[in-house]
Structure formats: C-alpha cells, structure tokens
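Have a look at the structure below before the remarks.
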Amino acid sequence: MPAEDPPTPAEAPPDEAPPDDEAPPTAERPVTFAQGTSWTQAVAMFEANVARTREALRQREALLDELEEAAEDAEEDAFSDADPEVYTLACAACERQLSRRAQSVSLVAEAATKLYSTDIPSADIREVAGERTIDTCECRICSVQCGACDAVCGYHVVRPCSPCGQSEHNGHFWLFHAENVVGTQRLDAEDEPMRWSALPYNGVEEAPAEEADLCPVCAAPIMERTRVLAACRHEFCFGCISREVDARGRCPLDRLRLDRSMLERI
Ligand SMILES: [Zn+2]
Ligand SMILES: [Zn+2]
Ligand SMILES: [Zn+2]
Ligand SMILES: [Zn+2]
C-alpha cells in the first residue's frame, strides 16, 4: 500500500471577512456611511433598505401561502381518490337513467379519454353480443347499449388483460364514454357531493324486507335475489354476485366457474 501524502495544511481562513458593501447591515455590522454622505442620501438609503426587507417578507409570506395551499390540494386529491364522488348517468340520446352509482375516470393508457365507470350494471343497460379486443390493451370487451333507445354508450370488460388485471383497479368493469352519457354529480342530504363510501355495497338503496335471507357476500338481507345456474345454485344479491363474476368469474362460495349468462334473477 503506497504511503499517503502528508495532508497539506488547509489555508488558514482570514481573520475577518472582507467588508462587503452589498450585504445588508446586521447588529454586528451597523449601517455605516462613507464620508461625505449627506443626510438626505443616508435617509434614502435607509428607506430603500426597509423597502427591500418588506418586499422580502412579503415574498416569503406568499411562498408560505402557496405551499400551504398545495399541501391542502394534495390532501384533498388523496381523499377523493380513496373515496370518489358519485355521479348519476343518463343516456345522452334519450335521457333514460342508466346508473345511479358511477365515478368519473380517465384511462391509464390515455389520460385524455374521459369515461364514467360503475361496478354494478343497472337493469337499463344491455350488453351487445360480440366480444372484441379494446384498442389500448389486450382487454376483451363487448359494447353496452341503452336499454331504452339502443344507443351504444360504453363497454363491458369481459376479460381484463393481465396488466389491467394486476394493476390497481377500482373494480369497475362497466365503462361509459363521456360523450354518450350525461353525468350529474349526486348530492347527499346536506347538499355536499355524495361519496362512494355512502353507497350500499350491493347497489340497492331501498330498505330490505325484514325477514329476507342473508347474502353470503355482503352479510345483509339479499336484495334483487339472483341464483347461480351452476351445480351449487347459490343465491346472492344481484350486485354482489355480478361483481364477483366480473372480478373473478367464480362463485365466491365454492369457486365454480361462472359467466354472466349463468346469473338468474328470481
Ligand atoms: Zn337511450
Ligand atoms: Zn387491459
Ligand atoms: Zn349481497
Ligand atoms: Zn356456488
């Protein structure tokens, strides 16, 4: 190992920093004026100094306000991502209400594309036969029509591609093009925007009949009773089993493979 050079002694700092006429005066270095400075000049310099200090303080305050606002906005965004606002959707062609539980979303692939999404289809929308691959990824979709006027208003993701299936997903497989529907923000009893967490899990907003059986998924009385047309013939709320079929394609109790044609409303 080569011997290290002896460290060169650092240059000793000067005892005193050279006087700097530009630096603002401090308690240790009070304002001094060159010989021959008149009173008027001295006052003018003093006033200019005060004005500069005021301006610096004003800028600092403005910056602090801006930072505070940005922090509040970020908090609000995080909140609305976790608990989005709820929209009703009506068909743009005939005004039939198509959903009372929709979110405003933009596609990950194309942020410019505005859509609405829902997790439970209403009885007023209909799938159009014929599966195809969507343009933006490998998801398999079929078109969705307004049940009243047949206008195509969106699509149903029948089989998500693996990147979409693995990514953070809001669990909504029914999507509506913003140009084919009219979205209206829902308000709660206090006239505040209604949040997703206020919606019933099974999608039914009426009070349940008292002695209904309990749904194995949501553990509340079964609403819009729907039977699985498979060997098990299990029964659930329509919303609960509809969502299971979209997300996993299986009966949640015994893992039997299911598709939508095997759901019977009873
Ligand atoms: Zn319509
Ligand atoms: Zn996909
Ligand atoms: Zn249920
Ligand atoms: Zn089953």
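For the residues CYS137, CYS240, what sequence is obtained by ranking on other C-beta atoms within 10 Å, fewest first?
Fewest-to-most ranking of CYS137, CYS240: CYS137, CYS240.
In whole angstrom, note down how far apart the Cα centers of the stretch 160-179 and the stretch 85-136 are.
What the calculation gives is 11 Å, centre to centre.
Could you put CYS149, CYS237 in order, starting from the residue whose Cβ has the fewest other Cβ atoms within 10 Å?
Least to most surrounded, the residues fall as CYS149, CYS237.
What is the order of TRP174, TRP196, fewest Cβ neighbours within 10 Å to most?
Listed from fewest to most nearby Cβ atoms, that is TRP196, TRP174.
A short reminder: the numbers here are calculations on the coordinates, not readings from a lab. Quantities reported herein were computed from a predicted structural model and do not represent experimental measurements. All Cβ positions, even for glycine, are placed from backbone atoms using ideal geometry, and neighbour counts span all protein chains on display.
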